[in-house]
1. Mind counting the residues in segment 60-96 that are part of a loop (DSSP other than H, G, I, E, B), away from ligand 1 (no atom under 16 Å from the Cβ) and β-branched (Val, Ile, Thr)?
2. So in segment 173-203, with the set limited to residues that are closer than 20 Å to Thr61 by Cα and free of Cβ contacts under 8 Å to residues at least 60 places away in the same chain, which one is surrounded by the fewest Cβ atoms within 10 Å (Cβ to Cβ)?
3. Name the residue, out of Ala166, Ala197, that is under 12 Å from the mean Cα position of the chain (by Cα) and of a type in the set (Gly, Ala, Ser).
4. Which residues, taken from segment 52-65, are under 13 Å from the mean Cα position of the chain (by Cα) and more than 10 Å from ligand 2 (Cβ to nearest atom)?
5. Tell me, which residue of segment 53-98 that is within 17 Å of Glu225 (Cα to Cα) and aromatic (Phe, Trp, Tyr) is surrounded by the most Cβ atoms within 10 Å (Cβ to Cβ)?
6. Select from segment 16-36 the residues that are within 15 Å of Gly76 (Cβ to Cβ) and within 16 Å of ligand 1 (Cβ to nearest atom) and list them in ascending order.
7. Scan segment 143-168 for residues that are buried (at least 20 other Cβ atoms within 10 Å of the Cβ) and within 15 Å of Phe107 (Cα to Cα) and report the count.
8. Exactly one of (1) within 13 Å of ligand 2 (Cβ to nearest atom); (2) surrounded by 23 or more Cβ atoms within 10 Å (Cβ to Cβ) is unmet by Ile49. Its number?
Amino acid sequence: MTTDTTTKDTAPGPHAPGETVLDARGVTMRFGGLTAVRNVDLTVNSGEIVGLIGPNGAGKTTFFNCLTGLYTPTEGEVRYKGKILPSQSFKVTAAGVARTFQNIRLFANMTVLENVLVGRHTRTKEGLWSALLRGPGFKKAEKASEERAMELLEFIGLAAKRDHLARNLPYGEQRKLEIARALASEPGLLLLDEPTAGMNPQETRATEELVFAIRDMGIAVLVIEHDMRFIFNLCDRVAVLVQGEKLVEGDSATVQGDERVVAAYLGEPYEDAPGQAEVAEVEAAEAQADAAPRKETDR
Ligand SMILES: Nc1ncnc2c1ncn2[C@@H]1O[C@H](COP(=O)(O)OP(=O)(O)O)[C@@H](O)[C@H]1O
Ligand SMILES: [Mg+2]
């Protein structure tokens, strides 16, 4: 379900509305003895914003790395619009999957505009080198690309800062620039890894609107985020990873109401219902709290 159906009518490309854009099946990633991601299935359909949440170390970024060719999954397969994704990240970008990073990766000493232009040329390995070395091919393509790059800077609200060095932007704007750079590769699927990390509440709200607008451009979105309000406002579906495994998946209300998710975040065991002893203990404590004036506790 989406909150806005305009996307489905305006989605570019030959794929049908509601078509599966990303189809990850049985993705497992092991590092030596550690299984960071275990047998995870996840789909993203066109017109959708899907959230991926879970405690720190749950395997969310590792899963993204498996989707974008940074890692080759130990097991499982990842399809984008029906085709198995190649195992090199520049080929994945060329295929139509773009991403941002949990730790911002911009060219710090390039301008805002140049960073977006580089994003356009990461569609091919040759294009990337040409852009980095400013070869003749780049100069020619640059002219054609500049217009689109400026459109994207207008879209994210950084057009006025086109000539600023990336490293001089405030943190929130660097995150936005990363999104513009990812969009410059004209993706059909955008993966965002903690896009609001380090942002203030206003910037976070603005990012929410930005992600809706990206969805309305016909780009499916998969987003990792710790800010639950952001996730539950934004996402059509949310999947919860815990210790590398998908624990729950559903719409925001379903996930919010699932006690296993709450338990996972509080670090409590969720396999067993509370035993008699615990229930009695809680009831006793509550009775005491009602009778006596409130005391500081750590719970
Ligand atoms: N390249 C790597 N080599 C070894 N272990 C890794 C590597 N990348 C991630 N891990 C481990 O995988 C687990 C999941 O990490 P990560 O995917 O970053 O979690 P999340 O993004 O959910 O916080 C962690 O235990 C982490 O230490
Ligand atoms: Mg992470």
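1. 0
2. Gly198
3. Of the residues listed, the single one that is under 12 Å from the mean Cα position of the chain (by Cα) and of a type in the set (Gly, Ala, Ser) is Ala197.
4. Ile53, the sole residue that qualifies.
5. That would be Phe63.
6. Ala24, Val27, Thr28, Met29, Arg30, Thr35, Ala36
7. 1
8. Of everything listed in (1) within 13 Å of ligand 2 (Cβ to nearest atom); (2) surrounded by 23 or more Cβ atoms within 10 Å (Cβ to Cβ), Ile49 misses just condition (1).
None of the figures in this text is laboratory data; all of them are computed from the coordinates on show. Computed from a prediction, not measured in an experiment: that's the story for all the values here. With ideal geometry, Cβ positions are generated from the backbone for all residues, glycine too; neighbour counts draw on all protein chains shown.
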